[in-house]
1. Could you check how many residues of the stretch 149-158 are open to solvent by 10 Å² or more (accessible area, probe 1.4 Å), touching a residue at least 60 places away in the same chain (Cβ under 8 Å) and not basic (Lys, Arg)?
2. Scan the stretch 175-191 residue by residue and report those that are part of a helix (DSSP H, G or I) and open to solvent by less than 50 Å² (accessible area, probe 1.4 Å).
3. Can you say whether ARG194 is basic (Lys, Arg), open to solvent by 60 Å² or more (accessible area, probe 1.4 Å) and modelled with pLDDT under 70, as far as the supplied structure shows?
4. Being under 31 Å from the mean Cα position of the chain (by Cα) and part of a strand (DSSP E or B) is the requirement here; does LEU462 meet it?
5. Within the stretch 79-120, which residues are open to solvent by 30 Å² or more (accessible area, probe 1.4 Å) and polar (S, T, N, Q)?
6. Within the stretch 239-278, restricting attention to residues that are of a type in the set (Val, Ile, Thr) and buried (at least 23 other Cβ atoms within 10 Å of the Cβ), which residue is nearest to TRP316 (Cα to Cα)?
7. So LEU319 ticks every box in (1) outside any helix (DSSP H, G or I); (2) free of Cβ contacts under 8 Å to residues at least 24 places away in the same chain; (3) more than 20 Å from LEU276 (Cβ to Cβ) but one. Which box is left unticked?
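The values are calculated or read from the model by the stated rules, or taken from the named source; none is laboratory data. What you are looking at is a predicted structure, and each value in this text was computed from that prediction instead of being measured. Using ideal geometry, Cβ is built from the backbone for each residue, glycine included, and neighbour counts are taken over all protein chains shown. These area figures cover heavy atoms from the full protein model, side chains too; ligands, DNA and RNA do not enter into them. Shrake-Rupley method; radii C 1.70, N 1.55, O 1.52, S 1.80 Å.
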Amino acid sequence: MIRAASWSFGFVVLALVLLLSLGWTEAHGFLSMDVTDLWAKSIVQIDGPVQFKATDAFYPPVPYALSLLGQAILPDTQVPVPFVLSALVGAGLLVMWFLNLRDTGQFSGVTAALVVLLLALNPFFLRALADGPETMFCILGTWLFARGIVNLRLTGNAPDMMKVAVGLLVVALSDSYGLMLCLGAMPFMIVAARPSMIAASSTGYLVAMFYPVLAAVGSLMFVSMIFDSRLVPLLSETATPLTLREHLVILAGLGPAAFVAILRNILIPRLFMPLLAAVGAVLGGYTLNTFFHVEGDPAMALAPMLGVLVAAIRFWPNLPLREPIAIALMALSLLTSALVMRHVAHNETRVWTNAMLGKENAASRPTQEVVSFLRDKSEIMVDVEKNPQIVVGLGNIDRLVIAGEPAYDWALEGGAPRTNYIVVPRQAEGQITADRILRRFPQLRLSQLPGYEEVFQNSQWLVFERINEWN
């Protein structure tokens, strides 16, 4: 009882420390788009009108459902609910990694603690933490998959086969990029399999591994088709064009440590082959992502390698200097990851790096300015799905007029707007218009709309106020 209480206390303290690190970056103007979108959706679904008409995809479902639950429990919190989820998953991962290394891997408590501490301080882990619960769940699922695929090669038992299937299911339902990881893992599953399983039925083996993923994703696509939520088209994010050199720089963050970790078992094929398959699965997902752009930030496409790295170290043979080498490898990984984060081309990761170093994010100021301007206003019409920053900045939708409300639907279905204010993003000439209000009233781009006048503008936003209530 006392041991359980002490572990629970340690878990809570660890979650609070991780939450403080997230608060540090938020205080310096960084909030990832994944966190912004997820929190805004939760606020709108829990606090918004019952008739709210959502058109965006609900995928991935696991973080979305948990965010809704968190928002329902903490409706007035100023702490982003995705931050709380991310911190809880991160703390749980660190605790499980420690116990796995100490109890199952037979590392000493001090070594296990040092390895986990170096993992917690790794910039890829901290960046994934700030990216939201989707990426953290993806790391969790990849770790379960890597553990399960090694145990399956060693034992061939059905429970281990279920570990692999559950790991793939967690990955697929927690992050859209998880679909790329599942596809990337498919060719490597044969490499990791026991020869007796392949001899019995290679098709049956693959079906058993991937059936839960296919069933879950297939049912979600069916629901998406019925409700016209456009699941598939919205999986892709804005592409980040990178050169081969820039991709190699990103891979240099965790790639060398992962290969060293699996090479320690190169003389033991029953361990080396499944671990090689786990590394190949992540690299396969990363490669597919360069074509499909499901994960917009390439650095986050490599973050699941952390789970493979922990699994590989856990299966190291108990040879002399095993523990010092594990600590040195984690320290080297932390160093290479820190160097990589300073040279990653993706804008969001650069902003996060600067925020961790205590530098203010100037790009967040325009949104802060428009939120400050709107804070004492009411009846503000805005497309909350395309502009979640407004919802998150205000913290609620009490002053907003959104889809599903008569005033909003009337304006978008052909009528004249009647709200006190209209907020739209400022767009450059030729830029594709996603905002539904701008598509309905394109003259707003030129600061023209009968009955309204522009009362606020900056580099990112335009605000219009009604001047003629009869128009």
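1. Filtering the stretch 149-158 for residues open to solvent by 10 Å² or more (accessible area, probe 1.4 Å) gives 151, 153-158.
When the remaining residues are screened for being touching a residue at least 60 places away in the same chain (Cβ under 8 Å), the result is 153-154.
So of that shortlist, the ones also not basic (Lys, Arg) come out as 154.
The number of residues fulfilling the criteria is 1.
2. Initial filter on the stretch 175-191 (part of a helix (DSSP H, G or I)): 177-191.
Those that are part of a helix (DSSP H, G or I) and open to solvent by less than 50 Å² (accessible area, probe 1.4 Å): TYR177, GLY178, LEU179, MET180, LEU181, CYS182, GLY184, ALA185, MET189.
3. No, not satisfied.
4. On the way: under 31 Å from the mean Cα position of the chain (by Cα): yes; part of a strand (DSSP E or B): yes.
Taking the combined requirement at face value, the residue satisfies it.
5. THR104, GLN106, SER108
6. Per the stated criteria, the residue is ILE262.
7. Of everything listed in (1) outside any helix (DSSP H, G or I); (2) free of Cβ contacts under 8 Å to residues at least 24 places away in the same chain; (3) more than 20 Å from LEU276 (Cβ to Cβ), LEU319 misses just condition (3).
Here is a yes/no grid of residues against (1) among the acidic types (Asp, Glu); (2) assigned to a helix (DSSP H, G or I); (3) at positive phi; (4) open to solvent by less than 30 Å² (accessible area, probe 1.4 Å):
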| site | (1), (2), (3), (4) |
| --- | --- |
| PHE373 | no, yes, no, no |
| ILE390 | no, yes, no, yes |
| GLY415 | no, no, no, yes |
| GLN431 | no, no, no, no |
| LEU438 | no, yes, no, yes |
